[in-house]
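J.: My questions all concern the structure below.
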Amino acid sequence: NQEGRVESVTLIDMGSLIDKIMKVKSPWGEALAKAGFPDCKEEDLVPLVEYLEVCLKQVVQDNELGALISALEGRYIIPGPGGDPVRNPDVLPTGKNMHALDPQSIPTAAAISSAQTIVEKLLLRLKAENDGTYPESIAMVLWGTDNIKTYGESLAQV
């Protein structure tokens with residue numbers, strides 16, 4: 001900077017730099033070539049490989065036994081979604097207090113749109129059945145399985 005102090009440092013992976021200069025393929029580049037994809041550009045695969053490295057770190061970070069012991073001791077277990085890590089990588093690392101629904105992620109925009117149509121039709125029907133007067137209140141039953149399947153459509157109706 002202006003004072004002559006170092007504010008940031010950029011680390012250089014010398015191994016990768018030398019490999020690029022020498023035109024050496026990475027292990028995954030060689031594996032792809034052997035599998036019938038010799039023209040696959042390694043730089044296009046970097047984001048995927050970096051993501052897979054993050055996933056691998058989270059998989060081996062397994063905390064199931066630690067969380068079980070904490071739960072048996074009556075301590076707080078961090079909540080997190082359960083399910084398939086391919087569909088939802090947020091399930092990793094394991095050892096969380098699993099839930100099927102993340103209250104922060106429902107209702108989705110599509111569920112809200114669908115729910116709006118349903119509620120408008122419901123209110124029009126109730127008004128027609130009630131001599132042109134809207135009901136004073138409406139009772140709703142929220143089933144967890146319905147909200148799981150519809151990503152919060154029932155919740156959006158409320």
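The values are calculated or read from the model by the stated rules, or taken from the named source; none is laboratory data. Computed from a predicted model, the values in this text were never measured in an experiment. Calculation scope for accessible area: heavy atoms of the full protein, side chains included, ligands and nucleic acids excluded. Shrake-Rupley method; radii C 1.70, N 1.55, O 1.52, S 1.80 Å.
J.: Skipping prolines and chain starts, which residues have an amide H placed within reach, meaning under 5 Å, of the one on His99, given they are 5 or more residues away or on another chain?
T.: Result for His99 returns Gly80, Gly82.
J.: Who wins for biggest fluctuation among Val91, Val119, Val59 in a Gaussian network model of the chain, springs between alpha carbons below 10 Å?
T.: Among Val91, Val119, Val59, the largest mean-square fluctuation in the Gaussian network model of the chain belongs to Val119.
J.: Just the number please: accessible area per residue for the chain, 1.4 Å probe, all protein chains included, in Å².
T.: Heavy-atom accessible area per residue stands at 82 Å².
J.: Per residue of segment 101-111, in order, report the coupling 6.51 cos²θ - 1.76 cosθ + 1.60 (Karplus, θ = phi - 60°) as ³J(HN,Hα) in whole Hz, putting x for Gly and Pro.
T.: Using θ = phi - 60°, the values come out as 10, 9, x, 7, 10, 10, x, 6, 4, 5, 5 Hz.
J.: Counting only protein heavy atoms and using a 1.4 Å probe, what share of the accessible area of segment 43-158 belongs to carbon plus sulfur, as a whole percent?
T.: Roughly 58 percent, rounded to a whole number.
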